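The values are calculated or read from the model by the stated rules, or taken from the named source; none is laboratory data. Here the structure is a predicted model, which is why all the values come from computation and not from measurement. Cβ coordinates were reconstructed from backbone atoms using ideal geometry, including for glycine residues, and neighbour counts include every protein chain displayed. We work out accessible area using only protein heavy atoms, side chains counted, and drop any ligands, DNA or RNA first. Shrake-Rupley method; radii C 1.70, N 1.55, O 1.52, S 1.80 Å.
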Amino acid sequence: MFQKLIAKIRGMSKLFLWVVVVPTTLAILYFGFIASPVYMSQSRFVIYSPNERSSSSGLGGLLNVIGGTNSNRSAEILQSYFDSWAAMKQVDRKLDIAKIYGNSNVDIFDRYGGIFHPFRNDVSLYRYYRTMVQDNLNTSTGISELGVKAYTPEDAQAINQYLLKLGQRIVNQLNQEARQKSVSYAERSVAKAEAKFKEASLALAQFRNSNQVFSPNAQSSGQLNLIEQLQTQYLAQKAQLEALRQHAPDNPQVPVLEGAVQSLKKQIMEEQNKVTGSNDSLASKDRIYENLKIQQSLAQKLLEAAFTSLQQARTTAQKQTLYLETISPPNLSDAPQGPERLKGILATLAVTLMIWGVLTVVIGGIKEHHER
């Protein structure tokens, strides 16, 4: 039997032998006995925000609201991160993917550090990592599908799980940055308003202490009441004095009443001066006091407005918080997804036959040309 096979091989043209038979035989050997099985772990997740409302409930409602622009943009950021150098370094530090993909049990053609990936450095590892990790985003539904390939199902699942964990960190970081941007300005406004309110209150307190007044307006009202009472007494005493001067000028009460009238007149003048008659009067102090009071009132209103803005900013930031929800956790594959052995062999056979056919025609044409 082997002799017949050898005889048939010898009877083949060298072109067919080297172009078709040898490559196809090598493909059979590689895909049949050398190529390492490749396992894939897949997971699906969405990024959504509570402010994206929907009337639906359950998973259908969730899928309806996650197609928003903000969520898709965040999913694209996460997709870019999974494909980044930083993600590769994080996974390598945690799981040592250089060892996972460079394992000697993996065939020499596919493994990291093998024939087609000979250099063992971070740049080569990053290129290799990008061929093993893929994140695809469906922009219409907002669902992201993360696929990780490895040479054992456990390694593929572990890498996928850790990438999802890193993705959650990125989402939390995005939330923190958004919260700081929206809330920090409002917090600074509150701090400035508090400082102005304290400054205005301190100026008002210092004015009260230095001038020994609490409220010039209220105190002026009391002073005016006292002046009114003194004027009533003054008019009464003066009328009595005038009556005595007319009817009994020698009455010993006349000098007493004259002294009382003069005393009341002096007292009235003093009280009037306290209200309006000098730079230290209540009237002059009232202008400064009211100005300080107005400044304090304005500062208080600004502080209240700043607190309201801060509360609104915190509420808005809370509504815009993003969440990463895992729809399908990383699976543990029970069968390899690659390589497609039969497909690889047949593809090699088909390509080599096409090349052989083309070369046969070309060589035949060349020979015919020379024969002429």
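Of the listed requirements (1) loosely packed, with under 15 Cβ neighbours inside 10 Å; (2) within 19 Å of the chain's Cα centre (by Cα); (3) more than 30 Å from Ser297 (Cβ to Cβ), Asn136 misses just one: (2).
Screening Asp92, Asp122, Asp107, Asp135 for residues that are of a type in the set (Asp, Glu) and at pLDDT 95 or above leaves exactly one candidate, Asp92. If the condition is being under 20 Å from Leu164 (Cβ atoms) and out of contact with any Phe, Trp or Tyr (no Cβ under 7 Å at 6 or more places or on another chain), then region 89-130 contributes Lys89, Gln90, Asp92, Arg93, Asp96, Ile100, Tyr129, Arg130.
If only one of Gln231, Gln237, Gln246, Gln212 is in contact with a Leu (Cβ under 9 Å, 6 or more places away or on another chain), open to solvent by 60 Å² or more (accessible area, probe 1.4 Å) and modelled with pLDDT under 70, which one is it? When all the criteria are applied, what remains is Gln231. When only residues in region 83-117 that are outside any loop (DSSP other than H, G, I, E, B), surrounded by 13 or more Cβ atoms within 10 Å (Cβ to Cβ) and among the basic types (Lys, Arg) count, which is farthest from the chain's Cα centre (by Cα)? Within region 83-117, the match that is farthest from the chain's Cα centre (by Cα) is Lys94.
Of all the listed residues (Arg169, Arg127, Arg120, Arg188), the sole one being outside any helix (DSSP H, G or I), of a type outside the set (Phe, Trp, Tyr) and free of Cβ contacts under 8 Å to residues at least 24 places away in the same chain is Arg120.
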